[in-house]
Amino acid sequence: MTGIRIETLTRTYRAGQVRALDGVSLAIAPGEVFGIIGPNGAGKTTLLGCLLGFLRPDAGSITVDGHAPDDLAIRRVTGYLPERLTLDRWMSGAGFLAYHHALAGLAAASRARDVAAALERVGLDATAGARAIRRYSRGMLQRLGLAQALLGDPRYVFLDEPASGVDPAGVVLFRRLLNEARARGATVVLNSHQLDQVERVCDRVAFVSRGRVEAMETLAAGAAAARVLRVRAAGALPTREALALAAAGAGAELLEVASPLARFAVADDAAAARLVAALVAAGVPVAEAASEEGRLERLFLEGPAAPGGSA
Ligand SMILES: Nc1ncnc2c1ncn2[C@@H]1O[C@H](COP(=O)(O)OP(=O)(O)OP(=O)(O)O)[C@@H](O)[C@H]1O
Ligand SMILES: [Mg+2]
């Protein structure tokens, strides 16, 4: 297995007037969870379309495990959740999954059981499964779409805005399903605007803008990356030394004090909780503790850091 190789891919629309992708090169390793972020119109959906073999590149090449993306050997092991779901709205959710189960060539004998399990996996109960798709809410449709994309545990999973319109419980569930896909060795490529989710689930993230890969971030695989906790006190803060000592005892690091605010570097949620407990124990009247915006959000808003600039 060689994973996905994209080389100097260019794709235009409207007879070359719109350059949606402009020389994109990427290599995605087998088993990687790869995120693509970037502004509206950046070319993310176009890139997925090319990866799936739905859109033909103007120039450049894509191979998936050494095959063309529309090769049946690849199609057979690929699951896909499109940006705009156009489902057969008269079908029931369960009927839709059964139909795709058959299309995927999965065993008829286990169809009913697999469909029930697929519905349950995305938090849709049997009543919802029996209902016509036209009566589904936005988030229910999205859940059904993910269930379909994951049918048969495909080796490649391509998701375009998987969590759009999904409620917070669903977002957590989707994250768990992606981690399960990773755990069984699937390669996942997803477009998303939910940067906090991307940051938590992806191994690497490409920032695409105007059809080009402008930056690449490697994230701690699936784990919450190190971040900055901003603490506001209800009164005066103790001395800088006292704060630094309390932080060090909790495995955190004091970055900056500007009473009543202080900023700390923490490794993860558990470290943040330890830090707050240590500050309270040291007599700091903690009124508020919140994470600063994540790396991806900064990347998105400020663009890639200049070479040699501070991280
Ligand atoms: N079928 C099409 N015909 C003409 N232009 C298109 C077509 N599809 C996309 N484009 C253009 O190509 C560019 C990239 O679009 P694309 O849908 O890939 O962006 P995206 O990054 O997925 O955006 P979003 O975050 O809004 O989903 C845009 O300028 C868009 O207008
Ligand atoms: Mg898109």
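Here are the numbers for the structure shown:
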quantity	calculated
Share antiparallel - DSSP beta bridges, the chain, percent rounded to 5	70
Computed FRET value (nearest 0.05) for Asp88 with Ser291, which takes r as the C-beta separation and R₀ as 41 Å	0.45
Arg230-Ala73 pseudo-label distance in nm [points 7 Å out on the Cα-to-Cβ vector]	5.3
Size of electric dipole in segment 131-242: Cβ of Lys, Arg +1 and of Asp, Glu -1, about Cα centre, debye, nearest 20	320
Restricting segment 70-147 to chymotrypsin sites (Phe, Trp or Tyr not before Pro) in coil, as DSSP defines it, with at most 14 other Cβ within 10 Å	Trp90
Mean projection area, nm², convex hull over Cα of segment 23-119	8.1
Among Pro57, Ala94, Leu151 the positive-end extreme of the charge dipole of the chain (Cβ point charges)	Ala94
MRE, 222 nm, helices only [DSSP H, n ≥ 4, -39500 (n - 2.57), over the chain, to nearest 500]	-9500 deg cm²/dmol
Magnitude of the charge dipole, the chain, Cβ model with Lys/Arg +1 and Asp/Glu -1, debye to 20	820
Dipole moment magnitude, nearest 20 debye, segment 41-123 about Cα centre, only Lys, Arg, Asp, Glu C-beta charged	200
Full-extension gain in nm, Met216 to Arg204, via 0.36 nm per residue minus C-alpha separation	3.6 nm
The chain: mean projected area of Cα convex hull, nm²	19.4
For Ser209, residues with placed amide H under 5 Å, excluding near neighbours	Glu214
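Each reported figure results from applying straightforward, stated rules to the coordinates on display, with no laboratory input. From a predicted model like this one, the values you see are computed outputs, not experimental measurements. Please note: Cβ atoms are built from the backbone with ideal geometry, for glycine as well, and neighbour counts cover all protein chains shown.
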